[in-house]
Amino acid sequence: MTRKPEQKPERGPGLAPEQGEDEREAKRILDRVARDSETIGTSSLARGVNQLHRPFDGIDGNADDRDPVAVIGKRIGRGLGLLAVIGLIVHLAVTYVFR
């Protein structure tokens, strides 16, 4: 005994709810494609620079972000921390790698 696959009725004016579901599905797919193409389309260097820049903005989403002195203090502290890490890397490289 073979079964015939069920066929969907053709769209007509009486099938508007199903058509709405298809439109929502199509919009969801198009949004996903747009989001993925933005990720692929941007260069890795541009994304890296943006990710590196964010921690040094001094804006973390805290209540202190409204205080300009606190934001400047965060920027200075994070900049000095970065310089200390770079200095430590250079010191270790000169001491142990290039001697």
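For segment 25-34, indicate whether the set of residues that are modelled with pLDDT under 60, of a type outside the set (Lys, Arg) and over 30 Å from residue 78 (Cβ atoms) is non-empty. No, segment 25-34 has no match at all. Within segment 66-79, the set of residues being among the aliphatic types (A, V, I, L, M) and either touching a helix residue (DSSP H, G or I) at 6+ places or on another chain (Cβ under 8 Å) or surrounded by 10 or more Cβ atoms within 10 Å (Cβ to Cβ) (or both) comprises 70, 71, 72, 76.
The values are calculated or read from the model by the stated rules, or taken from the named source; none is laboratory data. This structure is a prediction, so every number in the text was calculated from the model and none was measured. FYI the Cβ positions are ideal-geometry reconstructions off the backbone, even for glycines, and counts take in every protein chain you see.
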